[in-house]
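Let me begin by presenting the structure, written as structure tokens, before commenting on it.
Every number in this text was worked out from the coordinates using simple rules, so none of it is lab data. Bear in mind that the values here come from a model prediction, so they are computed numbers and not experimental data. Glycine also receives a Cβ, built like all others from the backbone with ideal geometry; neighbour counts cover every protein chain displayed.
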Amino acid sequence: MEKEINVLKRKNPDNIKDPVRPTNQLGRNECCVSIIIAAYNDEKNIKKSLLSAVEQNTLIKYEIIIVNDGSSDGTHDVITKLINSYPNKKVKYINQENRGFSGARNAGLDIATGEYIFFLDSDDYISNNTIDDLYRKSNNGDNDVVDGSIVRFVGPVKKRLVRPATGYFGYPCGKLIKRKLFQNVRFPENAWFEDTIVEFLIMPFVRKISFCDTAIYYYRKNFKGISTSAKRNIKSFDSYYLLKIMHESQKKMLVPWSIENDKRYSAHIEITLRRIKHQNRELRSIVLRDLNDWMVDNGHERIKMIEKGRVIKNKLAE
């Protein structure tokens, strides 16, 4: 236990790469949509994902960017075989050393040329009309985000609609996002829960959102994924470190105070408490006390944090 505590004490948000990058020239749009597919050791599912991307029923110009993030199974062979089967499709392929899910997505972002970005996980797939349905809701590119409906499935049969497109949620899949919103933002490498940036560093700059009620994204429930395996893993504390990093990143990006921004912090604190609740009491106590102190220090900026501070104190008293 003492070893784990020392590891936690030594862990610093600096180990997680800064998601805010210097603002670079964006480059012109060469197509309407860039589909970015990050893959790692997914030889069983990636073919269905890739086929759903290349067989889009649309006249809208789009590109596919596949990033193989150091897979050690047959993922590379599946990808190259499929690419060779569709020589007329615009497909860019990056075969890189492992950088994690964030690093794979970032590699795709670095070479994307679409007006919009669409993230597709390698174990999920999309409907044949996804790009067409979403882009037609973009108001000819005037909207910053077009959010679609997601269907969750387990195995080949069980499916159910888990999120109709009625509101914006803090994860990137199932939606078109203007590429310019990523101009100086990347996913935080070396961290779990990397999707946190969408809520804190993308959403504050979104002016217009439209919604597509059609089921366009099919999400595979992964019982070995981070959301399931994080409960007793020390990496679950990344949720807390990211909270602090988002606070500093918003300062760099000059995100103004707002009620909506307050709600983001409030919600993420609640999520963090849930993510670490299965951790050892001693480890959890270290983070909870630090979180409480941090909220008090920043209470003048984040009113809701004071309320969450009371929740933290109750947790410490348990």
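Tabulated data
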| item | result |
| --- | --- |
| Local net charge near ALA104, Cβ-Cβ under 10 Å (Lys/Arg +1, Asp/Glu -1) | 0 |
| Amide H within-cut-off set for ILE36, under 5 Å, with H built and near neighbours excluded | ILE65, PHE118, PHE119, LEU120 |
| Among 277-284, 82-89, the order from most to least packed when residues are scored by Cβ within 10 Å on average | 277-284, 82-89 |
| ³J(HN,Hα), Karplus 6.51/-1.76/1.60, whole Hz, each residue of region 259-267, x for Gly, Pro | 4, 4, 5, 4, 5, 4, 5, 4, 5 |
| THR214 long-range amide H proximity, modeled H, under 5 Å | SER149 |
| Sequence-distant residues sharing a close amide H with TYR219 (under 5 Å, placed H) | VAL151, ARG152, PHE153 |
| Neighbourhood charge, 14 Å Cβ-Cβ cut-off, centred on ASN143 and excluding it, Lys, Arg +1 and Asp, Glu -1 | +3 |
| Out-of-range pairs (alpha-carbon distance over 26 Å; input LYS178/LYS263; LYS235/LYS263; LYS47/LYS277) | LYS47/LYS277 |
